[in-house]
Amino acid sequence: MPLSTQSQTGGDNYVLVASLDNVRNLSNILKAITFKDHAIFNATPNGLKVTVEDSKCLQANAFIQAEIFQEFTIREDSVGFQVNLTVLLDCLTIFGGSTVPGVATALRMCYNGYGYPLTLFLEEGGVVTVCKINTQEPEEPIDFEFCSTNVTNKVILQSESLKEAFSELDMTSEVLQITMSPSQPYFRLSTFGNSGNAHYDYPKDSDMMELFQCTKTQTNRYKMSLLKPSTKALALSCKVSVRTDCRGFLSLQYLVRNDDGQICFVEYYCCPDEEVEED
């Protein structure tokens with residue numbers, strides 16, 4: 001890759017260097033979690049985790065494994081910083097948004113440590129654009145304490161079937177109600193909008209249902225305003241895992257294939273709506 005050999009990048013000083021032959025493999029996954037301006041970046045030898053949060057009720061994480069990058073060099077056990085995600089995406093799409101078929105923009109992303117900017121080198125057709133974005137000290141992400149041992153219900157669906165459901169449900173509803181049960185209705189999505197109540201049911205033996213593991217009947221409501229950002233990830237994904245724990249917290253994990261067929265994951269955590277009235 002041309003950028004990886006360019007001396008002006010001064011790679012010897014960077015604590016983090018990540019290079020991609022196709023910038024879209026990063027920009028697309030970041031778009032799936034863009035609903036607030038700022039994002040927390042945390043790099044480890046395993047790859048890059050980008051976190052966006054809203055009101056301590058919603059958290060989105062994008063995981064880009066080290067193997068996705070053509071080069072991924074980290075000189076510390078963990079490197080973290082906070083950056084304006086809107087500005088970063090603008091740089092990646094404006095200077096890296098080639099519309100010419102077969103032409104991709106290469107990216108070399110470098111970070112020199114605390115107090116230094118995030119530097120982007122974007123190369124297309126021999127022309128290199130350099131962008132420097134100010135960084136801040138990262139805030140500690142919220143720990144939703146969502147662990148697999150506390151998961152009570154889990155289903156894995158083909159994303160197409162969930163997209164179909166969202167297109168049919170009434171999005172004027174303030175909440176989305178999710179019922180998961182070992183007996184009928186098994187997996188039900190419900191809305192309560194201007195046009196009345198609507199339900200969308202999935203049989204547990206549906207072709208769209210890849211996995212059905214429900215141990216108890218749970219009905220929880222989630223604010224639609226919190227769930228809407230996750231539809232960006234849904235649009236990019238091919239599979240989605242829906243999990244709830246014993247507290248009613250929701251995990252939506254999306255499997256996303258990039259332009260090169262490699263797999264990345266986007267996960268959303270959402271708190272249940274505390275105002276739901278028990279039947």
Debye-sum result for region 62-128 in log10 I(q)/I(0), which assumes one identical scatterer on each alpha carbon, at q = 0.16, 0.17, 0.25 Å⁻¹: -0.67, -0.76, -1.38
HN-Hα J in Hz across region 124-131 - Karplus 6.51, -1.76, 1.60, θ = phi - 60°, x for Gly and Pro: 9, x, x, 9, 10, 10, 10, 10
DSSP loop GluC sites (Glu not before Pro) with at most 11 other Cβ within 10 Å: longest gap in the chain: 1-144
Using θ = phi - 60° and Karplus 6.51 cos²θ - 1.76 cosθ + 1.60, couplings along region 44-52 (whole Hz; Gly, Pro as x): 10, x, 7, x, 10, 10, 10, 10, 10
Relative contact order computed over region 88-216 (Cα-Cα under 8 Å; 6+ residues apart), in percent: 17
Accessible area expressed per residue, the chain, with surrounding protein chains retained (probe 1.4 Å, Å²): 48
Efficiency of FRET from Cβ geometry, C238 and K132, R₀ 35 Å, rounded to 0.05: 0.50
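Can you classify region 171-279 as rounded, prolate or oblate using the Cα gyration tensor, where a ≥ b ≥ c are the square roots of its eigenvalues, rounded means a/c under 1.5, and otherwise it's prolate if a/b beats b/c and oblate if not?
Judged from the Cα gyration tensor, region 171-279 comes out prolate (a/c at least 1.5, a/b above b/c).
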Cut-off 12 Å between beta-carbons: net charge of the residues surrounding D37, Lys and Arg +1, Asp and Glu -1: -2
Relative contact order for the chain, counting Cα pairs under 8 Å that sit 6 or more residues apart, in percent: 19
Distribution of pairwise C-alpha distances over region 115-239, 5 Å bins, in %: 2, 9, 13, 16, 16, 12, 7, 7, 8, 7, 4, 1, 0
Rounded Å value of the spacing that divides the Cα centres of region 64-143 and region 182-200: 42
Virtual spin-label span in nm between E76 and K163, 7 Å along Cα→Cβ: 4.0
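Expected output is a single nm value to one decimal: the length gained when fully extending between D260 and A198, i.e. 0.36 nm times separation in residues minus the C-alpha distance. What is it?
18.5 nm
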Pairwise FRET efficiency - D205 versus S55, Cβ, R0 = 51 Å, nearest 0.05: 0.85
The chain, helix-only ellipticity at 222 nm - DSSP H runs n ≥ 4, -39,500 (n - 2.57), divided by all residues, nearest 500: -3500 deg cm²/dmol
Pairwise label distance in nanometres, S225 with T93, each label 7 Å out on the Cα-Cβ vector: 2.3
Solvent exposure ordering (accessible area, 1.4 Å, most first) of T172, T73, T191: T172, T73, T191
Value of Rg to Rh for the chain (Rh from inverse mean 1/r over Cα pairs, i.e. Kirkwood): 1.02
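At 1.4 Å probe size, with the rest of the protein present, what percent of the exposed accessible area of region 179-279 is carbon and sulfur atoms?
45
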Stretch in the chain that is longest and holds no trypsin sites (Lys or Arg not before Pro) that DSSP places in a loop and that have at most 11 other beta carbons within 10 Å: 57-215
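The values are calculated or read from the model by the stated rules, or taken from the named source; none is laboratory data. Treat the numbers as computed from the prediction; the structure is a model and nothing was measured. Note: ideal-geometry Cβ built from the backbone for every residue, glycine included; neighbour counts use all protein chains shown. Only protein heavy atoms, including side chains, enter the accessible area calculation; ligands, DNA and RNA are left aside. Shrake-Rupley method; radii C 1.70, N 1.55, O 1.52, S 1.80 Å.
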